[in-house]
Amino acid sequence: MHTRLVHMLLAVMLALIPVSASAEGPLKLKLDTGVVEPMPYAVPNFVPETSEAMAHSENISRLIAEDLTGTGLFREIPRDAHISTVSSFGAPVQFADWKAINSQALITGGVSTDGAGRIIVKFRVWDVFAGQELGEGMQFASTADGWRRLAHKVADQVYSRLTGESPYFDSRVVFVSETGPKNERAKRLAVMDYDGANVQYLTDSRSIVLAPRFSPSGDRVLYTSYETGFPRVHVLTVGDVRSRILQANDGVMSFAPRFSPDGRTVVYSLTQGSNTDIWAMDVASGGTRRLSVSPAIETAPSYKPDGSQIVFESDRSGTQQLYVMPANGGEAVRISFGKGRYGTPVWSPRGDLIAFTKQYEGRFHIGVMRTDGSEERVLTASFLDEGPSWAPNGRVLMFARETQGAQGASALYSVDISGRNLKRVRTPAGGSDPSWGPLQ
């Protein structure tokens, strides 16, 4: 691998972990401010190779740029600064022109249509200073209304080649869409692209819905509904938008559900009388088993990616804290020992971190810690931040933020695990309880 490219990749990788370091080369991590210098790149408009493709070529290249720049790891060089133009996908790259504007990476592409009306996108990624292509050119195809997904797929490939990390742009998020005043919110389940586009509603607003959770395959959604007048766990099939109540006894509250990594089991909280414990249910048979036995409130369970353990919140120590136990139940070990209260833990898809909500001195925070509770890092702070959910690559979190006061509004935000790149997710209305699905 070329030396300059190695420096480039190392610098981008350093941006993904909260350490102070420096790297010589195109990217530099500044010791004095802790701010990562984003990698400069260029993405000229993709070349329309058929007349029907002209309407899509600019949209696709612009969305690729939005995906990459939105990570905080990359900085697009404006098109009006470009010296070269790209008029043909197969034309030789004038590397000297891109070096002159300090573009470290270059993305070129072409867009065409076929007889069936499908859009075909092909692209290449170039290491400008090495003067060579990174990986091999690829192409994707879709119906005309799928152009956004094509752009996300290209951006995923570019992101992976430049960082060595798994991608996450071509993914969806299920969440609770909220409208109306704070004291009379109408809530319904909705699903969207990771960036807030293509919102589709899965339920109406006639009953309260809470805590939707995608299945590992992305074809089903668990959620809690008050449709029967009592909180019950439902499972909804995304394709046909049909839902059913998971087996439960009358007069028993069940809530905070989440799928196991293989999708065959649902772990959830169940309240009987004054006691709330964690239970597991076999989705196919409906058979249940109790996993925790404690007079405390045990809730918000989340599986380790290999299915061997469950992290959950409990007040068994007197305050709300995080615990880990075997997936089949058994002795639980406390892992949170910082100041404040901890809740809504979620195991990273990579298995290396646990995200959580923290309450301390009147503020709410989203944070991460190692699976043994060490190396706690708080990433956000506000009047109310809660409910983190991991991107498929385990390097970005989405969560809900509520503003203060009677007119306070809800919104979705994302933040990377360094805490440096906090941004609002654009949705048509308010939002809460996000759950990030797998790559499509």
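The values are calculated or read from the model by the stated rules, or taken from the named source; none is laboratory data. Values in this document were obtained by computation on a predicted structure and should not be read as measured data. Methodologically, a virtual Cβ is constructed for each residue, glycine included, from the backbone with ideal geometry; neighbour enumeration extends over all protein chains shown. Quick note on the areas: whole protein, heavy atoms, side chains included, nothing else; ligands and nucleic acids left out. Shrake-Rupley method; radii C 1.70, N 1.55, O 1.52, S 1.80 Å.
Within straight-line reach of residue 187, meaning a Cα separation under 16 Å, sit the following aspartates and glutamates at least 8 residues removed in sequence or on another chain: 178, 204, 227, 402, 433. With the simple model of a label 7 Å out from the Cα in the direction of the Cβ, residue 94 to residue 201 spans 5.3 nm.
What the chain shows is 43 Å² of accessible area per residue, with the surface traced by a 1.4 Å probe over protein heavy atoms.
Straight-line cross-link partners of residue 304 among the aspartates and glutamates, defined as a Cα under 14 Å from its Cα and at least 8 positions apart when in the same chain: 262, 352, 372.
Taking label points 7 Å from Cα along the Cα-to-Cβ direction, residue 383 and residue 130 give a separation of 5.0 nm. For the stretch 305-440, the spread of Cα positions along the three principal axes, ordered from largest to smallest, is 44, 39, 25 Å. What shape does the stretch 99-185 take by its C-alpha gyration tensor, where a ≥ b ≥ c are the square roots of the eigenvalues and a/c under 1.5 counts as rounded, a/b above b/c as prolate, and the rest as oblate? In terms of gyration-tensor shape, oblate. Applying a length cut-off of 15 Å (Cα extent along the axis) and a mean Kyte-Doolittle floor of 0.5 to the DSSP H helices of the chain leaves 3-14. Need one number: % antiparallel among DSSP beta bridges in the chain, to the nearest 5. Of those bridges, close to 95 percent are antiparallel.
Based on DSSP H segments of at least four residues, each scored -39500 (n - 2.57), the chain has a per-residue ellipticity at 222 nm of -3500 deg cm²/dmol.
The length gained on full extension between residue 274 and residue 375, counted as 0.36 nm times the residue separation minus their Cα-Cα distance, comes to 32.8 nm. Counting protein heavy atoms only, the stretch 170-230 has 45 percent of its accessible area on carbon and sulfur, 1.4 angstrom probe.
What does the charge count near residue 135 come to, summing +1 for each Lys or Arg and -1 for each Asp or Glu among other residues with Cβ under 9 Å from its Cβ? Around residue 135, the charge tally is 0. Note on residue 334/residue 51: beta-carbon distance plugged into 1/(1 + (r/R0)^6) with R0 of 60 Å gives a FRET efficiency of 0.40. The local environment of residue 192, defined by Cβ-Cβ distances under 14 Å, has a net charge of +1 under the rule Lys, Arg +1 and Asp, Glu -1. Applying 1/(1 + (r/R0)^6) with R0 = 45 Å to the Cβ-Cβ distance of residue 102 and residue 145 gives a FRET efficiency near 0.75.
The slack in the chain from residue 183 to residue 253, taken as 0.36 nm per residue of separation less the alpha-carbon distance, amounts to 22.9 nm. If only the Cβ of Lys and Arg carry +1 and only the Cβ of Asp and Glu carry -1, the dipole of the stretch 340-402 around its Cα centre is close to 100 debye.
Which is farthest toward the positive dipole end of the chain among 144, 273, 333, measuring Cα position about the Cα centre, with Cβ charges +1 (Lys, Arg) and -1 (Asp, Glu)? Sorting the options by dipole projection puts first 273. Inter-label distance, residue 290 to residue 420: 4.9 nm, where each label sits 7 Å from its Cα along the C-beta direction. Within the shell defined by Cβ-Cβ distances under 14 Å, the residues around residue 341 carry a net charge of -1, with Lys and Arg each +1 and Asp and Glu each -1.
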